[in-house]
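> One structure, pasted below without further comment.
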Amino acid sequence: GALPTRPPRPRRIARASPSGGRAADAPRCPADAMAASAASAWSAQGMSQHDFMLKDECIVVNYMDEVVGHDNKYNCHKFLPGQPRGILHRAFSVMLFDAKGRMLVQQRSREKVTFPLVWTNTCCSHPLHGMTPNELDRPEVIAEGSHMGVKHAAVRKLGHELGIPAKQLDPKRFKFITRVHYWAADVRTYGPTAPWGEHEIDHLLLYQLKAGEVLTIKPEPSEVESYMWMEQPELKRALNGDSRELRDWSPWFRIIAERFLYKWWADLTAALTTDKYVDTATIHRFDAGADFCGGAGHAAALLDGVAKAEREGGEAKRRRIVLDAEKDDLIAGLVGRGKKQVAAAAGGAKQGGYGKVPTHSTSKLDQLCRPLEVAAALRFKFGGLLENNMKKAAQQNGDIAFCDDMLGKVSRSFAAVIRQLEPGLCVDICIFYLVLRALDTVEDDMEAYKGKEKEKERELQGFAKKRLTDPNCSIKGVGEGDEKTLAEQFGAVARVYNGLPKGSQDVIRDITQKMGDGMAEYVAADLGQGTRDQAAYDRYCHMVAGLVGEGLSRIFVARGQEKPDILGQGERTWPFCVDVKKSPDNLGLANSMGLFLQKTNIIRDYLEDYVDGRAFWPQSVWKKHAKTGDLGEFARPTAHGAGTRLKLKGPGQDIAGKGVGEQALMCLNELVADALELVPDSLEYLARLRTPSIYRFCAIPQVMAMATITACFDNPLLFTGVVKIRKGLTARLIIATIDGQEAVHWWFGRLAQEVLDRQSSGKCAGADGPIGERLRHAAQRIVDRTRGLSGVYEAQKTQTGLMVAGGLTFAAAVTLAMTHSGSASA
């Protein structure tokens, strides 16, 4: 074959400073909003490869080539833990032929970030978001085969890379043939842990010059190293390795050539002038081979298996098969294991998503470096600070003993605070908790009722009437681990329930009915991408936590242990509470308290819930920040500041921060502000409590929620696992509730001050904008609300500290004196 012709390297044009970035008001998704956004004329003037990677916004698509958003080239091409195959985006490949049927090929420049110095087809690049002319092809345009968006992109890039003037190319003469979905880690350039790669759905275009047409070719040296015209036999020999000069070829072009190109080339006139080879429906999927697996995210073969399942499933099931495979692979990247493996890994420990994703806990060394927390943990463990008032009742009644045992197994942290309630009341609350836990087990089980959603709705709606009073009740085939045992032996819970005071029975039955009805509303709801809006988010939190607050408050009052003022209205007005003018006891405060706990849990459990397919972050909030239409975007390292806000270890750490976004942190902080706005009502509820054990029961989860949401605030680790507060800190918080309201206020104020300090110093995402202002206002109100009582506690702490310091000083002085006296005698 002919040797490649090295183009003359033109004198470089002085480069202007790039403007870079995306227009601040550019819509982020979906495709309609993208197409409607203000477009701009693209220019390569003064741009380096780094500039292009930051400025150019690729069109992000799903496995069906449907547009879901956009992101910069840096982020799309990073092969890192969390996104081992990068971000799938749309591309095009041009095969340009001269009148004699020779094809123009190029060698990519040594300056290219991905696959430098490999030979490939005439031009391979990306249609971009926000271009003039528009480069975004809608589904109907793709179906009819016109693909004018990628054709405009082809003209632009042929001009940029090869210097071919746009006037010498007619966009309408490009012939779309089909699409290829492939991925490849650039391990040949960067080694087995390469941080770069390609993952694209490639739109294949043919173009042929007419007799007498001549192209002006003036390659840009930062794009093209060499080029040449090749006949088909020459290309075949080169791809077979028969040419020393043309040994390395791009993985995508090898797929195109070996699978498709030769038959088109042999029948080029028909390929260009008829639809003989056109296929607008199929997306051909291929792994690039073992030579291109791996990378920093350790990606393995995938698409060959997806293609096989797609063929075997048939056209009717194609879409579901493909999108499920995409979701499974996304989850595999986010948590390091596939969806099925994740489910299996949970074993019988807990139900739902709990335990399926990494947990970020503090190291023992870090904990030991906090002596106050260590002391608190020891005091809590060995000091007998919380009584167990269930013990006597359990010894006298086997069913209560079973309930007490199950309480310790299925509750993560509530067992001790329930047991320390007053005798009698602790049994009421234990049963209330277990009833709702059993109901929740039914709701959470996505397998037992698969395809039987109506049956699940009936079970939830009828639980209070059918299950609650049945002494022989056994719910089989539902739940996992301890929850399964609870459901199977629910008759013991029902027998204890039937012996409770009528007032407590009425409250538990009423709340169970309301909660079951509310849960039934969500059985058929698709929560894969969160709740619909803020109102739906609030309503869901009311159904699963606000109602619990209502029930607890009513039982406290029914038992005569609290006054009716805890049933009143707070600052917040909720649409699910009765108008305070019609009923002063509308349980507004109780709902605010419950919603604060639930929103904290939902914020913390982002990744668990997404992996489990039942997420609750409101779409009306997260879609304002996301660059794609998928909530899972936030878990990608490119969305939560990996490399800048979150240090990465191992391969790719040096490039992770390039072009990285903080949209996940912006959304997180907005949701944190929303939750913090409920704290004044929570504090007011606590202030109205009179019984110390009830105060502790309510204050412990509230102050722990405050510590948890402070730990989650602006924390990128939340998007890689579950953020937990230290065990020592938990002990200090529990002891604070025993010490009284002053100590609880001190902790609320201190934790709010941490948020306030981060915001005021500009060290959190969105600090200077509306989100930062909302955070500042919410945190300041908590600080102001707690200042009085926390000041009393601070004074007490100071006095205690002075006494301890004085005692230690006196002891040290005595020791020194005795040592000195002994030395003098000697």
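> Ranking request for peptides 432-440, 255-263: highest mean number of other beta-carbon atoms within 10 Å first, then the rest in descending order. Before the final figure, lay out each step's value.
Details: 432-440: 22.6, 255-263: 17.9.
Ranking the peptides 432-440, 255-263 by packing returns 432-440, 255-263.
> Could you let me know the centre-to-centre spacing of the stretch 360-423 and the stretch 765-787, using Cα atoms, in angstrom?
If you average the Cα positions of each part, the centres end up 34 Å apart.
> Taking the structure as given and computing Rg/Rh (Cα atoms, Kirkwood Rh), which label from [x] 1.07; [y] 1.02; [z] 0.98 fits?
[x]
> Could you order peptides 536-544, 759-767, 306-314 by the average number of other Cβ atoms within 10 Å of their residues, highest first?
On the way: 536-544: 22.8, 759-767: 17.8, 306-314: 14.6.
Averaged packing, sorted descending, gives the order 536-544, 759-767, 306-314.
> Oh, and also: Fully extended, how many nm does the chain gain between K392 and A316 (0.36 nm per residue separation, minus their Cα-Cα distance)?
Gain in length upon complete extension: 21.2 nm.
> What is the percent carbon and sulfur in the accessible area of the chain, measuring with a 1.4 Å probe over the protein chains and ignoring ligands? Could the numbers behind the result be given before it?
Working: 18130 of 34420 Å².
Ligands and nucleic acids excluded, carbon and sulfur reach 53 percent.
> Mind checking the per residue accessible area of the chain for me, 1.4 Å probe, whole number of Å²?
Working: 34420 Å² over 826 residues.
Value returned for the chain: 42 Å² of accessible area per residue.
> Rounded, prolate or oblate: which fits the stretch 83-197 when a ≥ b ≥ c are the square roots of the eigenvalues of the alpha-carbon gyration tensor, with rounded for a/c under 1.5 and prolate only if a/b beats b/c?
Working: a/c = 1.93, a/b = 1.33, b/c = 1.46.
It comes out oblate by the Cα gyration axes.
> Then there is this: What length, rounded to one decimal in nm, is gained on full extension from K100 through to T573, with 0.36 nm per residue of separation minus their alpha-carbon distance? Numbers along the way, then the final one.
Numbers: separation 473, 0.36 × 473 = 170.28 nm, distance 7.71 nm.
Gain in length upon complete extension: 162.6 nm.
> Ok, one more. Take each of the peptides 224-230, 686-692, 705-711, 273-279, average the number of other beta-carbon atoms within 10 Å over its residues, and list them starting from the highest.
705-711, 224-230, 686-692, 273-279
> Pull out the extension gain between A211 and K466, defined as 0.36 nm times the separation in residues minus the alpha carbon to alpha carbon distance; nm, one decimal.
Values: separation 255, 0.36 × 255 = 91.80 nm, distance 8.37 nm.
So the chain would gain 83.4 nm between A211 and K466.
> In angstroms, what radius of gyration and Dmax does the stretch 590-738 have, counting Cα atoms only?
Spelled out, the Cα radius of gyration and Dmax of the stretch 590-738 are 17.3, 57 Å.
> Further question: Using 1/(1 + (r/R0)^6) with R0 = 56 angstrom and r between the beta carbons of D291 and K502, what's the FRET efficiency to the nearest 0.05?
Numbers: r = 74 Å, r/R0 = 1.33.
The calculated FRET efficiency here is 0.15.
> Still on this structure: Counting DSSP beta bridges with both partners in the chain, what percentage is antiparallel, nearest 5? Can you show the working numbers first?
Numbers: 34 of 53 bridges.
Here the share of antiparallel DSSP bridges comes out near 65 percent.
The values are calculated or read from the model by the stated rules, or taken from the named source; none is laboratory data. Only a predicted model underlies this, so the values are computations on that prediction, with no experimental measurement involved. No Cβ is skipped: glycine too gets one built from the backbone with ideal geometry, and neighbour counts run over all protein chains shown. These accessible areas exclude ligands, DNA and RNA; they are computed on the full protein's heavy atoms, side chains included. Shrake-Rupley method; radii C 1.70, N 1.55, O 1.52, S 1.80 Å.
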